[in-house]
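Enquirer: The structure's right below; bear with me while I get my questions together.
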Amino acid sequence: MLRAVTHTIHTWIRRHAEVFVYGAAALLILGPLLRRGFVFAADMVFVPWPPMPHELLPSYPYELLLHVLSTHIPADILQKSILFATLLLAGLGMHRLTRLRIPKADSRAIYLFAGLLYMVNPFVYSRYMIGQYLIVAGYALLPWCISSFWKLTQKPKAIQATIAGFWLSAVAIFSVHMFGIALMAVTVFAVFEYVKHSQKRLLLQAIALYIGVTATATVYWWLPVVLGSSALQQTTQGFSKIDAAAFATAGTWWGVIGNVLSLQGFWADTQNLYQTSRNVFWWWMLPVGALWAMAIIGARQAKRQALPVLSPLLVVMAVGCIFAIGTSATIFASLNGWMVQHVPFFAGYREPQKFVALLCIGYALFGALGLQRLLALAKQGRDILITAALALPCMLAPLMPWGFASQLKTHDYPRGWYESRSYIKERCSGECRVLFLPWHLYMHYDFAERIIANPAPKFFGGNVIASTDPEIKGATPYTWTYIQQRIGAEVLPSARQGGHTFARDLATLNVQYIVLTNDIDDDYAFIERQEGIVLVKNTPSVKIYRVENRE
């Protein structure tokens, strides 16, 4: 009996060795970040008590689950689990997709190369460094989404349509941007599969069910959008040419097209927010050239063997490249500008470099085919070739291993934040509001040792008023209520200029407390000079003022 169990376990491990490979790679990347404490990056701000979601946005199920789980599992452990699972799913998903599209590879290394490349590359590196972990989560699910849809085209049955609809809906939960990108990829594959399919009616029925399952699973957020009551629609409608310019794909170094083709060009790469391989290593362009060479060899191999993946994959990569370039001054500027103006919700991609995700899929599959061809040609030194190929992803993103080259670390909120939260919770409820200062969405916090998004609304609770203005080249704030506009445009400027109605102005907005952190990058001494503003709590990291003027 024991021998049979041992044999079964050994067989499972041997057949699913990729799980351990990608798991080990994820551990190598996260490394020191697995210590207790939170990992902070610009858009990645976790708090000890993830709040209950109130808006019916695509991420509602994720935020609800995070809120529920945090009552039983420490939030920092949940964060590390999400980061680990994202990397693992990215590798496994592409491994699975490559195995479906290249089913007769003579070496498992071909599949491992595709999975590692999709998991470790400049696109993933930049997104993690800026804290867009949900973008990466949606990206990690793209191969699963495409795999399930491809299976649907091969076996157009109800069960497969339901599974495929589940995967597409799951992408939206983590990233509505990646949901749109997944729709584009699936549409391309659907057209090519339909043209050659022998049972077109049956395929159309399966695709109709697939659409129905997806629409039903996502109705909670798209229906409010259609009805015009969603914050998602209100935000995207506010985007303009200023936003497109602020978050345009970077053209520094190799030009916009060259950056996109090398899986780079993220606008944040040029803002000195983190290190990039091109700024650290003189040889950074060599692995990029090797990737291009492998992809070209793979495309030629696909053409030589008349593989059905060739044409749709080239179209998908072309779509990703063109849209990732955005409205920057290239031959594609007018097309992208027209799309922004006339295609519903396309303006929501005010940071178009996200479309590079489609190139990552293409490079992984074509690169795997290229490796297969090179292995077939190599009469000796196959082990060296495999080792070099598996090392290529790390060479493309050499700053990812071990806590992103120790650029990210674990931290906790200061004791003063916890004390201030308790103080506010005991005294401010109902319609009581709290003004959080400094008035910035992004700023440097000493406890995080870097610039991060304002954590106060999540940390202190939903009654906090804080800035949502990114202050990036005039870009539109994500949400901008009347109260935020009034405080940012009138109340604070008036108080800074010596006005004496600060307390009365706040009182009319039902603001009863002010929380001011000591992470000050501006002069807030004017608060002490205002009548009706009383310091009630002073900690090394936070000061709390009570607004007493109730006129």
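The values are calculated or read from the model by the stated rules, or taken from the named source; none is laboratory data. Everything numeric here is computed off the predicted structure, so don't read it as measured data. Don't worry about glycine lacking a Cβ; one is built from the backbone with ideal geometry, like all the others, and counts go over all protein chains shown. Heavy atoms of the whole protein, side chains included, go into the accessibility calculation; ligands, DNA and RNA do not. Shrake-Rupley method; radii C 1.70, N 1.55, O 1.52, S 1.80 Å.
Enquirer: Between Thr387 and His67, with labels modelled 7 Å along Cα→Cβ, what's the label distance in nm to one decimal, could you check?
Expert: My value for the distance between the label points is 5.3 nm.
Enquirer: Another question about this same structure. By per-residue mean of other Cβ atoms within 10 Å, what is the highest-first order of 161-173, 331-343? Don't skip to the answer; put the middle values down first.
Expert: Numbers: 161-173: 22.2, 331-343: 13.9.
Highest to lowest by the protection proxy: 161-173, 331-343.
Enquirer: Which pairs, out of Lys155/Lys303; Lys425/Lys543; Lys104/Lys196; Lys354/Lys409; Lys155/Lys196, put more than 19 Å between their alpha-carbon atoms? Working shown, then result.
Expert: Details: Lys155/Lys303 25 Å; Lys425/Lys543 15 Å; Lys104/Lys196 22 Å; Lys354/Lys409 25 Å; Lys155/Lys196 14 Å.
In this structure, Lys155/Lys303; Lys104/Lys196; Lys354/Lys409 lie more than 19 Å apart at Cα.
Enquirer: Now for a separate question. With only alpha-carbon atoms in the gyration tensor, what are the semi-axes of the equivalent ellipsoid for the stretch 242-308, in Å, largest first? List each step's numbers first, then the result.
Expert: Numbers: eigenvalues 173, 56, 12 Å².
Equivalent ellipsoid of the stretch 242-308: 29, 17, 8 Å, largest first.
Enquirer: Express the carbon and sulfur contribution to the solvent-accessible surface of the chain as a percent, rounded to the nearest whole number, probe 1.4 angstrom. Don't skip to the end; give the middle numbers.
Expert: Numbers: 15200 of 24500 Å².
Answer for the chain is 62 percent, counting heavy atoms of protein chains only.
Enquirer: Mind ranking 429-439, 94-104 by how tightly packed they are, going by the mean number of other C-beta atoms within 10 angstrom, highest first?
Expert: Numbers: 429-439: 16.5, 94-104: 19.9.
Ranking, from highest mean packing down: 94-104, 429-439.
Enquirer: Still on this structure, please answer the following. Suppose all protein chains stay in the model; what accessible area per residue would a 1.4 Å probe give for the stretch 375-422, in Å²?
Expert: Numbers: 2520 Å² over 48 residues.
On a per-residue basis, 52 Å².
Enquirer: Here is a follow-up. Using label points projected 7 Å from each Cα along Cα→Cβ, tell me how many nm separate Leu202 and Ala293, to one decimal.
Expert: With each label placed 7 Å out from Cα toward Cβ, I get 4.6 nm.
Enquirer: Give the list, by residue number, of cysteines in the chain with no other Cys Cβ closer than 4.7 Å, or say none.
Expert: Cys145, Cys321, Cys360, Cys394
Enquirer: Report the rotationally averaged projected area of the stretch 170-243 based on its alpha-carbon convex hull, in square nanometres.
Expert: Numbers: hull surface 25.6 nm².
The directionally averaged projection comes out at 6.4 nm².
Enquirer: Moving on. Per residue, how much accessible area does the stretch 150-299 have with a 1.4 Å probe, in Å²?
Expert: Details: 7130 Å² over 150 residues.
About 48 Å² of surface per residue is accessible.
Enquirer: Let me have the relative contact order for the chain, percent, based on Cα pairs under 8 Å that are six or more residues apart. Walk me through the intermediate numbers first.
Expert: Numbers: 838 pairs, mean separation 96.8, N = 551.
Answer for the chain is 18 percent.
Enquirer: Right, another one. Run the simple label-point estimate for Leu183 and Phe20 please: 7 Å along Cα→C-beta, distance reported in nm.
Expert: Output for this residue pair reads 4.3 nm.
Enquirer: What lysines could a cross-link reach from Lys241, if we take a straight Cα to Cα line under 16 Å and drop same-chain neighbours fewer than 8 places away?
Expert: Result set, ordered by chain and number: Lys473.
Enquirer: Report the extension gain between Lys151 and Leu27 in nm, rounded to one decimal, defined as 0.36 nm multiplied by the number of residues separating them, less their alpha carbon distance. Each step should come with its number before you reach the end.
Expert: Working: separation 124, 0.36 × 124 = 44.64 nm, distance 3.11 nm.
Residue separation times 0.36 nm, minus the Cα-Cα distance, leaves 41.5 nm.
Enquirer: Now for a different question. Multiplying the sequence separation of Ala231 and Ile483 by 0.36 nm and subtracting their Cα-Cα distance, what value in nm do you get? Don't jump to the answer; show the numbers that get you there.
Expert: Values: separation 252, 0.36 × 252 = 90.72 nm, distance 1.61 nm.
Separation in residues times 0.36 nm, less the Cα-Cα distance, equals 89.1 nm.
Enquirer: HN-Hα J couplings of the stretch 298-309 from phi, Karplus 6.51/-1.76/1.60, θ = phi - 60°, integer Hz, Gly and Pro as x?
Expert: Calculated HN-Hα couplings, in order: x, 5, 5, 5, 5, 5, 4, 8, 6, 6, x, 6 Hz.
Enquirer: Now a separate question. How large is the charge dipole for the chain, taken about the Cα centre, if only the Cβ atoms of Lys, Arg (+1) and Asp, Glu (-1) carry charge, to the nearest 20 debye? Walk me through the numbers before you get to the answer.
Expert: Working: 45 positive and 29 negative charges, 544 e Å.
Computed about the Cα centre, the dipole is about 2620 debye.
Enquirer: Please report, in whole Å, how far the alpha carbons of the stretch 151-193 spread along each principal axis, starting with the longest.
Expert: So the extents along the principal axes, rounded to whole Å, are 28, 22, 9.
Enquirer: Could you state the accessible area per residue of the stretch 445-519 in Å², with a 1.4 Å probe and every protein chain left in place? Could the numbers behind the result be given before it?
Expert: Working: 3070 Å² over 75 residues.
On a per-residue basis, the stretch 445-519 sits at 41 Å².
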